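Everything below concerns the one structure shown next.
The values are calculated or read from the model by the stated rules, or taken from the named source; none is laboratory data. None of the values given here were measured: they were computed from a predicted structure. Here Cβ is always computed from backbone atoms with ideal geometry, including for glycine, and neighbour counts include all displayed protein chains. Please note that ligands, DNA and RNA were not included when accessible areas were found on the heavy atoms of the full protein model with its side chains. Shrake-Rupley method; radii C 1.70, N 1.55, O 1.52, S 1.80 Å.
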Amino acid sequence: MTHNIPYGHQSINEDDICAVASVLQSDWLTTGPKVSEFEREVCKKVQTDYAVAVSSGTAALHAAMFALGIKKGDEVIVPSLTFAATANCVVYQKGTPVFADVDPDTLLIDCDKVEELITDKTKAIIAVDYAGQPCNYHDLETITAAYNLALVADACHSLGGSYMGRPVGSLADISVFSFHPVKVITTGEGGMVITDSERFADRMKAFRNHGIQTDHTQRNKNGTWFYEMTELGYNYRLTDFQCTLGISQLKHLDEWIVRRQEIAARYNNAFKDAAGITTLTALPERTHAYHLYVVKVKGRNKVFKQLRELGIGVNVHYIPVHLHPYYRREFGTGVGQCPVAEEVYEQILSLPIYPAMSDDNVERVVNNIREICK
Ligand SMILES: *Cc1c(COP(=O)(O)O)cnc(C)c1O
């Protein structure tokens, strides 16, 4: 009996466990010193000035929309081939997500399509570094500068990646990370918003704490109990034991990215001449974080089913967001709106990839999928 191979899996070691245990025995389980330490460490890693740790990647996207002041009547352009949260965050702020199609070879947002969708209501673009590959930030910056739009990077897949020598996290006005267990590093649940703008950072810090301007440390320092809620915020805080796990995980980021790239290189090599399997295009001048390894196959549903029956945990990322019943009903979206995303959706398959995956398991995936697709 061969064991199951998941499509993604976290790596937790003794150091992670010890770090979490020691915080559990400390005075601060939440809003303590590990939160700002985690924020400082991520800032250092991605060469950016400010970071705000929050309870999920979704909360991070919501905080970004709040910081930008997205409100009713505003439009935000998002790619259709992404996780629903990329679009949902716009709706949380009562804005309208406008779905852009993707490039068929990279599945990244298509910059030509983006430009066609801009109206006088457009306020921002959310770019998604699909599978871990940074988008075409040069073209995106040209567009946002020409139309005076904000650029948000949904970098939930691409922590540890880079574009033209610049780390992911420093490529947009605000960048968003997720620390869900399948992502590149984990805090269980968790997320972070990254920016060079002090004003955005201050707004997002208040937003994660009910919209209250001062936190308990400032109040203690000033010897006062007084606080004011100046905006509607949420409880989007991340605990200290999660932040300490994040600090510990971050130490492995570089080696894990290298391992993900090795696995991707093995897959690429094995599928070069394989019948019925098309790999995605990896663009030059980038470090690809390979959160996902995605191929296009004919008869995807059958291939999916057969691989799952063999204990190989394949998955599909993603159902185009404009096809979800909620968006069809509330925003009148539907078939025909993003033809490339709709067509590739029928073909895409995410293969197992995670740092602890063995070469033998990569081989097992390769042999089975080649056999099924030929
Ligand atoms: C995972 C993910 C999110 C949401 O992150 P959570 O931490 O699960 O809330 C948002 N966008 C993309 C592209 C993601 O992959």
Report summary line: If every Lys and Arg gets +1 and every Asp and Glu gets -1 at its Cβ, then about the Cα centre the chain yields a dipole, in debye to the nearest 20, of 700 debye
Query raised in the report: What ³J(HN,Hα) values, in whole Hz, does the Karplus curve 6.51 cos²θ - 1.76 cosθ + 1.60 give for segment 220-232 when θ = phi - 60°, with x put for Gly and Pro?
Result: 4, 4, 8, x, 9, 9, 6, 8, 10, 8, 9, 9, 7
Query raised in the report: Rounded to the nearest 5, what is the percent of antiparallel bridges among the DSSP beta bridges in segment 120-240?
Result: 55 percent
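Counting DSSP beta bridges with both partners in segment 1-144, what percentage is antiparallel, nearest 5?
If I count the DSSP bridges inside segment 1-144, around 10 percent turn out antiparallel.
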Report task. For segment 267-292 and segment 349-364, write down the distance between their C-alpha centroids in whole Å. Result -> 14 Å
Requested in this report: Give the percent of DSSP beta bridges with both residues in the chain that are antiparallel, rounded to the nearest 5.
Outcome: 60 percent
Report task. List, in order, the whole-Hz ³J(HN,Hα) value for each residue of segment 309-325 obtained from phi through the Karplus relation with A = 6.51, B = -1.76, C = 1.60 and θ = phi - 60°; use x for Gly and Pro. Result -> 5, 8, x, 9, x, 7, 8, 10, 10, 9, 5, x, 4, 5, 9, 5, x
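Mind running the shape call on segment 1-123? Use the C-alpha gyration tensor, a ≥ b ≥ c as the square roots of the eigenvalues: rounded below 1.5 for a/c, prolate if a/b tops b/c, oblate otherwise.
Details: a/c = 2.59, a/b = 1.52, b/c = 1.71.
It comes out oblate by the Cα gyration axes.
Once the piece of chain linking A84 and S11 is laid out straight, how much longer is it, given 0.36 nm per residue of separation minus the C-alpha distance between them? It would help to have the intermediate numbers written out before the result.
On the way: separation 73, 0.36 × 73 = 26.28 nm, distance 2.58 nm.
Gain on stretching A84 to S11: 23.7 nm.
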Report task. Set the Förster distance to 41 Å, then compute FRET efficiency between D105 and Q218 from the Cβ-Cβ distance, nearest 0.05. Result -> 0.25
Requested in this report: For segment 210-216, take each phi angle, set θ = phi - 60°, evaluate the Karplus expression 6.51 cos²θ - 1.76 cosθ + 1.60, and give the result in whole Hz per residue in order, putting x for glycine and proline.
Outcome: 6, x, 8, 5, 9, 9, 5
Query raised in the report: Taking the simple approach of a point 7 Å from Cα along Cα-to-Cβ for both N235 and H210, what is their distance in nm?
Result: 0.9 nm
**Report entry** Zone residues, segment 348-367, relative to R308, backbone N less than 16 Å from point 7 Å out along Cα-to-Cβ
**Finding:** 348-352
Query - Linear extension gain, R166 paired with V335, 0.36 nm per residue minus alpha-carbon span - result: 57.1 nm
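Over all directions, average the projected area of the Cα convex hull of the chain and note it in nm². List each step's numbers first, then the result.
Details: hull surface 77.7 nm².
Quarter of the Cα hull surface area: 19.4 nm².
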Requested in this report: Please calculate the 1.4 Å probe accessible area of K305, with all protein chains present, and give it to the nearest 10 Å².
Outcome: 130 Å²
Query raised in the report: Roughly how many nanometres apart are two label points built 7 Å out from the Cα toward the Cβ at A356 and I319?
Result: 3.1 nm
Query raised in the report: Of the residues I353, I277, I125, which exhibits the maximal mean-square fluctuation in a Gaussian network model of the chain defined by a 10 Å Cα contact cut-off?
Result: I277
Query raised in the report: Excluding ligands and nucleic acids, what accessible area in Å² is computed for S55 using a 1.4 Å probe, to the nearest 10?
Result: 40 Å²
**Report entry** Amide H contacts of T122 (H built 1.01 Å from N, under 5 Å, at least 5 apart or other chain)
**Finding:** E75
**Report entry** Heavy atoms of I109: accessible area, 1.4 Å probe, square angstrom to 10
**Finding:** 10 Å²
Requested in this report: Starting from the Cα-Cα distance between E228 and N367, subtract it from 0.36 nm times their residue separation and give me the gain in nm to one decimal.
Outcome: 43.9 nm
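Could you order D273, D27 so the one with the most accessible surface comes first? Probe is 1.4 Å.
Working: D273 120, D27 145 Å².
From most exposed to least exposed: D27, D273.
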Query raised in the report: Using a Gaussian network for the chain with springs between C-alpha atoms less than 10 Å apart, which of these wobbles most: T239, T30, T186?
Result: T30
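For the chain, what does -39500 (n - 2.57) per DSSP helix run (n ≥ 4), summed and divided by total residues, give at 222 nm, in deg cm²/dmol to the nearest 500? Present the calculation step by step, with values, prior to reporting the outcome.
Working: 14 runs with 147 residues, N = 374.
Value at 222 nm, helices only, nearest 500: -11500 deg cm²/dmol.
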Query raised in the report: Which distance in Å, rounded to a whole number, links the C-alpha centroids of segment 41-114 and segment 163-210?
Result: 11 Å
Report task. Search the structure for amide H atoms under 5 Å from the amide H of V54, placed 1.01 Å from N in the peptide plane, and list their residues when 5 or more places away or on another chain. Result -> G191, M192, V193
**Report entry** Carbon plus sulfur fraction of accessible area for the chain, probe 1.4 Å, in percent
**Finding:** 50 percent
Query - Rounded FRET efficiency, nearest 0.05, which uses the C-beta distance separating D120 from A21 and R0 of 41 Å - result: 0.15
Query raised in the report: Check S26: other-chain or 5+ apart residues with amide H under 5 Å from its amide H, H built from backbone geometry?
Result: none
Report summary line: Taking only protein heavy atoms and a 1.4 Å probe, the highest-to-lowest accessible-area order of W225, W256, W28 is W225, W28, W256
